[in-house]
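Please read through the structure below; I'll follow up with questions.
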Amino acid sequence: MESVIPNTLPYDRYNSYLYDMGKRVKIEIKEDLEYLKNLRKKKSNHREKTRILSLILTKEKKFTRRVDLAEHLGIGIATLDRWTQVYKTSGLDSMLTISNGGIRRNSVPKEVHEGLAKKVFDSNNPFLGYKDAALWVTKNYGIVIQYNTLRTYLIRHFKTKLKSPRKSHYKKDEQAIEAFKKTT
């Protein structure tokens, strides 16, 4: 059965209905328009500038619906609602505070880092690969660190490569070298 779509509702490019009855912008901007424009000029962060622009356009009443304002700014309506809510409850400074996530936790403890440093630069008994390094950490420290995590950690902190050249081969027999030198 073919569904009948009323002609009164416009379509967006993804063939879903646009809301005909969009919510109106209802927010009281406390700051002066000139202050907001000057503040926007001073900011270098694009995300802060976009948030200030949303306040400027709201204060100038350029858009009557929040959906249109969000579309003009290139953000989602939920994002605009969140910014508006933060502005209403906490003010401009809180709205312009951009959180970049939490503090990156260290995946490798300090004592393991020190042990890895000794082992990586040991030319007599080196790691045979990243899998060997992961097994070594588990065996010596009782900590299970994922292969990719440890690999990335070793590359970032010790500039390791899958195969790294050494001054001498780690399996080289010192007595055989002395015997070879004596016979020549």
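A 27 angstrom limit on the alpha carbon distance is what I want to check against. Which of K119/K181; K139/K159; K159/K182; K118/K182 exceed it?
K119/K181; K159/K182; K118/K182
How about K131: which aspartates and glutamates have a C-alpha closer than 18 Å to its C-alpha, ignoring those fewer than 8 places off in the same chain?
Within the straight-line limit of under 18 Å, K131 reaches these aspartates and glutamates: D122.
Cα convex hull of segment 110-169: how many Å³ per residue?
78 Å³
If you keep only loop residues by DSSP, which trypsin sites (Lys or Arg not before Pro) in segment 55-103 have at most 10 other Cβ atoms within 10 Å of their Cβ?
For trypsin sites (Lys or Arg not before Pro) across segment 55-103 that sit outside H, G, I, E and B with at most 10 neighbouring Cβ atoms in 10 Å, the list reads K61.
Shifting gears a bit: Just in segment 49-138: which chymotrypsin sites (Phe, Trp or Tyr not before Pro) are loop by DSSP and have at most 14 other Cβ atoms within 10 Å? Could the numbers behind the result be given before it?
Numbers: sites: F63, W83, Y87, F121, F127, Y130, W136; in loops: F63, F121, F127.
Answer in residue order: F121.
Computed from the coordinates by the stated procedures, all read-outs in this text should not be read as laboratory data. All figures in this text were calculated on a predicted structure; none of them were measured in a lab. FYI the Cβ positions are ideal-geometry reconstructions off the backbone, even for glycines, and counts take in every protein chain you see.
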